[in-house]
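Contents: one structure, followed by commentary.
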Amino acid sequence: MLVFQMAIVSGKGGTGKTTLSASFSYLAKDRVMADCDVDAPNLHIILKPQVIEKREYFGSKKAVLDQEKCVMCGVCEQVCRFDAIKFDGNGYSVTEYACEGCGACTIACPAKALQLVQSLSGEYYLSKTDNGPMVHALLKPSEETSGDLIAEVRKLALKGAYDSQIPLVIIDGAPGIGCPATSSITSTNYVILVAEPTMSGLHDLRRIVETVRHFRIKMGVVVNKYDINPSKTQEIEEYCKTEEIEILGKVPYDECVKRATENAQPVILYDCPASDEIKRVWENVSSKI
Amino acid sequence: MKIMIAVDQPSLDSKISDRFARTAYFLIYDLQDQKYQFINNDIETKHGAGPKAVQLAIDNKVSAIISAIPGENAMDAIKESKIKVYDGRGFSAKEALEKFKNGELKEVSTTHHL
């Protein structure tokens, strides 16, 4: 069995990735959902997953000070470029959030009182939702290895798909064009770009298009709230035409989306113009699988 | 000529990994004597995986890499080497090697996009 992986991303945040993903998760008959926005996940708010399995994610290393061995010389405080080691009058201590795990203090310490230790950077979960498995994660504050955690989320989602014989993984991707975004899209079979008709919307769309191109993946664009700025929407359409990128659909601004979000429900459970268009986009997208 | 292939499992039947630098194993295959070995890609750090994997290829005197499309950092490093990259998405290591020998694999250009 082959598993088709589809990612929903956008250069700019807040364009409607999760709104679209949540609806797709209901429209797809057989799917595994993967929330890859591990820095600020919120697909779980709508899909209300029940956690089946929790896994710990060790992303980074941090310096840990053994107070017994510490000779209070203060060398560590001097060499730490991140001001992560401080003297409080009684002794030295490492501030977990400031430590970057560079290891300079472990080399400089004459008493070998400092060691780099794997630290818990977050958790990720295999869960079940009303209509299929879901994998999601939570990164701890100040952790920065989100791209790597996303790789773990996608691995677990793919395993879930193979284990349950589900041929489709839908990825609610991370915003931006950096590590978390590339980790969300690499080796997927299709990428959906959600764009909004604003100046930054188009600017960031161009950037994510370049990123997707790098990975040689087919893509299509959904313009969300297209009618709030018809001239920008037209600009997006012209850009897509020049770049030979398919416009999968244009979702209108709709108070109904706000209502659905407030009720933590997917839009497609409502009867409204935005819902109709999202269903049409889904039909279009599912023909690519 | 030696080839480096990013694979999920230490087996010639393994699927080519979805990732280049963060693959579980690298297969180093010598086309001359058909000898091969698997390298466990147990990357310690969470940063700089791309250039590190390319360094591994250089250290092993590899002329070609077969994998999923490497990320931008890996590509930048590859650009500086003489190594060529081939798109192995969807194949097993064995299939990819056959296709490579027959010149059927698509080269991933390091200079321009699609």
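Values quoted throughout were computed directly from the atomic coordinates according to the rules given, and no laboratory measurement underlies them. Please read these numbers as outputs of a predicted model, since none were measured by experiment. Don't worry about glycine lacking a Cβ; one is built from the backbone with ideal geometry, like all the others, and counts go over all protein chains shown.
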_Mean ellipticity per residue at 222 nm, deg cm²/dmol - from DSSP H runs of n ≥ 4 across chain B, formula -39500 (n - 2.57)_ = -7000 deg cm²/dmol
*asked:* Taking just the alpha-carbon atoms of segment A:1-144, what radius of gyration and Dmax come out, in angstrom?
replied: 21.3, 64
*Output the antiparallel fraction of DSSP beta bridges having both residues in the protein assembly as shown, as a percent to the nearest 5.*
55 percent
*Report P(r) for segment B:1-53: all Cα-Cα distances, bin width 5 Å, range 0 to the bin holding the largest distance, values in whole percent.*
4, 22, 28, 23, 14, 6, 2, 0
*Return the distance in nm (one decimal) between the two label points of a simple spin-label model at A:D66 and A:A108, each offset 7 Å from Cα along Cα→Cβ.*
2.0 nm
*asked:* Filter B:K2/B:K52; A:K17/A:K258; A:K155/B:K99; A:K54/A:K86; A:K128/A:K288; A:K288/B:K101 down to the pairs with a C-alpha to C-alpha distance above 23 Å, please.
replied: A:K155/B:K99; A:K54/A:K86; A:K128/A:K288; A:K288/B:K101
_Restricting to Cα pairs below 8 Å that are 6+ residues apart, what does the relative contact order work out to for chain A? Please round to a whole percent._
26 percent
*Most mobile listed residue (A:S127, A:S93, A:S184) in chain A, GNM with C-alpha springs under 10 Å*: A:S93
*With r defined as the distance between the Cβ atoms of B:L56 and A:D88 and R0 fixed at 60 Å, what FRET efficiency is calculated, to the nearest 0.05?*
0.85
_Segment A:R55-A:D276, extension gain: residue separation times 0.36 nm, minus the distance between their alpha carbons_ = 75.8 nm
*Would you calculate a helix-derived [θ] at 222 nm for chain A, using -39,500 (n - 2.57) for each DSSP H run of n ≥ 4 and dividing by the full residue count, to the nearest 500?*
-10500 deg cm²/dmol
*Could you give the nm distance between label points at A:E244 and A:K48, where each point is 7 Å from its Cα heading toward the beta carbon?*
4.7 nm
_Residue among A:V32, A:V194, A:V64 with the largest mean-square fluctuation in a Gaussian network model of chain A, springs linking Cα atoms under 10 Å_ = A:V64
*Just name one of B:F100, B:L56, B:Y29: the one whose Cα is farthest towards the positive end of the charge dipole of segment B:2-108 (beta-carbon charges, Lys/Arg +1, Asp/Glu -1).*
B:F100
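In debye to the nearest 20, how big a dipole does segment A:59-210 give about its Cα centre with +1 on each Lys and Arg Cβ and -1 on each Asp and Glu Cβ?
On the way: 13 positive and 18 negative charges, 63 e Å.
Charge dipole of segment A:59-210: 300 debye, to the nearest 20.
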*For segment B:2-108, what is the percent of antiparallel DSSP beta bridges, rounded to the nearest 5?*
70 percent
*Compute the distribution of all C-alpha to C-alpha distances in chain A, in bins of 10 Å from 0, and list the percent of pairs in each, rounded to whole numbers.*
7, 26, 28, 18, 12, 8, 2
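Over its Cα atoms, what ratio of radius of gyration to 2.2 N^0.38 Å does segment B:2-108 give? Present the calculation step by step, with values, prior to reporting the outcome.
On the way: Rg = 12.2 Å, N = 107, 2.2 N^0.38 = 13.0 Å.
Taking the Cα Rg and dividing by 2.2 N^0.38 Å, one obtains 0.94.
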_Where N is the number of residues in segment A:195-247, Cα Rg divided by 2.2 N^0.38 Å_ = 1.06
*Counting Lys and Arg as +1 and Asp and Glu as -1, each charge on the Cβ, what is the dipole of segment B:2-108 about the Cα centre in debye, to the nearest 20?*
120 debye
*Around A:P230, with a cut-off of 12 angstrom between Cβ atoms, what is the net charge of the other residues, counting Lys and Arg +1 and Asp and Glu -1?*
0
*For segment A:263-271, in order, what is each residue's ³J(HN,Hα) by Karplus, 6.51 cos²θ - 1.76 cosθ + 1.60 with θ = phi - 60°, in whole Hz (x at glycine and Pro)?*
8, 6, 10, x, 4, 5, 7, 9, 9
